[in-house]
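Worksheet: one structure, shown below.
The values are calculated or read from the model by the stated rules, or taken from the named source; none is laboratory data. Keep in mind that what you see is a predicted model, and the values were worked out from it rather than measured. Cβ: placed from backbone, ideal geometry, glycine included. Neighbour counts: every protein chain shown.
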Amino acid sequence: RDRLKQTAPGALVLEANGSSRWTRADALRPGMTILVAAGERLAADGRVVEGESGLDIAFLTGESAPVRVHPGDDVQAGSLNIDGPIRVEVTAAGADTVIADIARLMEEAGQGKSRYVRLADRAARLYAPCVHLLAALSFAGWMIAGAGVHQALLIAVAVLLITCPCALGLAVPAAQIVACGALMRRGVLVKDGSALERLAEVSEAVFDKTGTLTLGRPVPQGLRRLWRDDRSILLSLSRASRHPLSVALRQALEARGATPAALDNVREVAGEGVFADYEGVAVSLARPRSLINLFGLAAEYRRGDQALLLGFTDALRPDAAETLDVLRGMGMKILIASGDRPEALEEIARETRTTAIGHLRPADKLALIDRLKARGEKVLMIGDGLNDGPALAAGHASMAPASASDASQLTADAVFLGDRLAPVALTVHAARRTVAVVKQNFALAIGYNVLAVPLAIAGKVTPLVAAVAMSTSSLIVIANALRLKGVVK
């Protein structure tokens, strides 16, 4: 659970007499009232008793839009308070919070995966004792047949040398090291060799939406229709706030080369927006006044009596639809599982031609993975948020983008860089090719032993020839593994 760093270390507890005191998170108890300032994370689950604000609960739902909360609404530990101060009555703290439940789910789900034993380990358990037993039997057999101790000992040594498990021992790690190196050059970090074995076996891919299929950051729309001075005003207004939409707007305007305008009386009103004066005219970047918001994510730019609604979208990764088609071509089933609202999934489901399920909490995603596993599917889970952690741990294999939360990156078997989704398909392809090469290496190693060992037992091979043969077999296995250098061209 120490991997989950979303909660605050403590909170300001309000006493009945009006005083306040800082209290550690593990000392909070139900019934206490805490004050959560703008920019702070909640240290406990609770219910809002005073104030209104926007909360970032992406760790729980994966949804990028801040959620408005009012008195009477339930809030969870780990939520980031964006706009203004709120008072919260604690209902659960410590091990009883929702975020603690996520940690427990991750630990329980990960236990099954840790029992996965690599193929090479299974083979090595039997190989060494069998080789020594075979050499001892060869020595005893030649002694019974009347050979001298010297001759019988040379034959036993030749058997030991020619059946040295180097080729078998290199069959798996050589292929995996080469494949992992090739993937790393393409921006994919694979945690260990057993991950490649599991990635090669996956039959269904389950994708989170926000931050996985999408870029996970709001992108403002319609900036081209703004006049240059409006862009300058908006840049200055957006620089005055740390709201996610303001940050996205600032980055987009700076990327377009906008220069900030000189504003007067700049002020931010919690929960409302940023207000200022430009050449004697009131300007603002604020919450939309309309109750109907067709964009889902929007802010309203006002200049005097004029108002313009700026819509924001969370764009799909540029190759998302193409990558899903590639995975389907590899025989995999595809599913989108998200904490977002179902209506927020409709367009993405249509663009990617994929079934999407919404309103899933962490436990729901874990239950979904378990149902798929019960049907015989080997699930590849791809997600980025803390809410995806239990599902990532429960999947037969898992991947996360480099922009994912720390917990998700630690849980995932592989992490990929960049804005493209293609590394997911590349990794599955590389894993399958790696397992194919591993099987070839095992066939080479076993075939070599089947031919060489009888010759050594029959006394037809000297220790020197046996040593040369053993080294040659190892070189052949390594050369075969090196073919994987071009596995992800």
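Things worth noting here:
- The listed residue being surrounded by fewer than 19 Cβ atoms within 10 Å (Cβ to Cβ) and modelled with pLDDT under 90, out of ALA16, ALA11, ALA58: ALA16
- Test: residue in the stretch 355-362 that is modelled with pLDDT of 90 or more and exposed (fewer than 14 other Cβ atoms within 10 Å of the Cβ): yes
- Test: LEU368 is outside the structural domain of TRP227 (by TED's automatic domain parsing), part of a strand (DSSP E or B) and at pLDDT 90 or above: no
- Listed conditions (1) part of a loop (DSSP other than H, G, I, E, B); (2) modelled with pLDDT under 90; (3) buried (at least 21 other Cβ atoms within 10 Å of the Cβ) are all met by GLY211, apart from (1).
- Selected residue (criterion: nearest to GLY389 (Cα to Cα)) from residues of the stretch 331-354 that are of a type outside the set (Asp, Glu), touching a residue at least 12 places away in the same chain (Cβ under 8 Å) and loosely packed, with under 14 Cβ neighbours inside 10 Å: PRO342
Per-residue answers, yes or no, for (1) at pLDDT below 75; (2) more than 43 Å from the chain's Cα centre (by Cα); (3) in the same structural domain as ALA367 (by TED's automatic domain parsing); (4) hydroxyl-bearing (Ser, Thr, Tyr):
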| site | (1), (2), (3), (4) |
| --- | --- |
| SER64 | yes, no, no, yes |
| ARG68 | no, no, no, no |
| GLY110 | yes, no, no, no |
| ALA124 | yes, no, yes, no |
| TYR127 | yes, no, yes, yes |
| GLY141 | no, yes, yes, no |
| GLY146 | no, yes, yes, no |
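- Meets criteria (in contact (Cβ under 8 Å) with a residue 40 or more places away in the chain, small (Gly, Ala, Ser) and either touching a Ser or Thr at 6+ places or on another chain (Cβ under 9 Å) or part of a helix (DSSP H, G or I) (or both)) for ALA407: yes
- Filtering the stretch 355-398 to residues that are closer than 19 Å to ARG317 by Cα and in contact (Cβ under 8 Å) with a residue 40 or more places away in the chain leaves ALA356, LEU380, MET381, ILE382, GLY383, ASP384, GLY385, ASP388.
- First in the stretch 257-279 and farther than 14 Å from GLY54 by Cα, second anywhere and modelled with pLDDT of 90 or more and part of a loop (DSSP other than H, G, I, E, B), Cβ under 7 Å, 6 or more apart: ALA276/LEU263; ASP277/LEU263; TYR278/ALA261; TYR278/LEU263
- Filtered residues of the stretch 406-421 (kept if among the hydrophobic types (A, V, I, L, M, F, W, C) and buried (at least 20 other Cβ atoms within 10 Å of the Cβ)): ALA407, ALA412, ALA414, VAL415, PHE416, LEU421
Here's the yes/no breakdown for (1) assigned to a helix (DSSP H, G or I); (2) outside the structural domain of ARG242 (by TED's automatic domain parsing); (3) in contact with a His (Cβ under 7 Å, 6 or more places away or on another chain):
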| site | (1), (2), (3) |
| --- | --- |
| TYR301 | no, no, no |
| LEU309 | no, no, no |
| THR323 | yes, yes, no |
| ARG328 | yes, yes, no |
| GLY331 | no, yes, no |
| GLU346 | yes, yes, no |
| ARG350 | yes, yes, no |
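- Of the helices (runs of 4 or more DSSP H) entirely within the stretch 127-199, those holding at least 3 residues that are surrounded by fewer than 20 Cβ atoms within 10 Å (Cβ to Cβ) and not hydroxyl-bearing (Ser, Thr, Tyr) occupy 149-162, 166-185.
- On inspection, ALA400 passes the criterion of being outside any helix (DSSP H, G or I), in contact with a helix residue (DSSP H, G or I) (Cβ under 8 Å, 6 or more places away or on another chain) and among the aliphatic types (A, V, I, L, M).
- Selection count, the stretch 243-278, where residues are more than 18 Å from VAL219 (Cβ to Cβ) and out of contact with any strand residue (DSSP E or B) (no Cβ under 9 Å at 6 or more places or on another chain): 2
- Filtered residue count, the stretch 442-458, keeping only those that are surrounded by fewer than 17 Cβ atoms within 10 Å (Cβ to Cβ) and of a type in the set (Gly, Ala, Ser): 3
A quick yes/no check of all residues on (1) of a type in the set (Asp, Glu); (2) closer than 30 Å to LEU134 by Cβ; (3) touching a strand residue (DSSP E or B) at 6+ places or on another chain (Cβ under 8 Å):
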{"position": "VAL428", "(1), (2), (3)": "no, no, yes"}
{"position": "VAL437", "(1), (2), (3)": "no, yes, no"}
{"position": "LEU451", "(1), (2), (3)": "no, yes, no"}
{"position": "ALA469", "(1), (2), (3)": "no, yes, no"}
{"position": "THR472", "(1), (2), (3)": "no, yes, no"}
{"position": "ALA481", "(1), (2), (3)": "no, yes, no"}
{"position": "GLY486", "(1), (2), (3)": "no, no, no"}
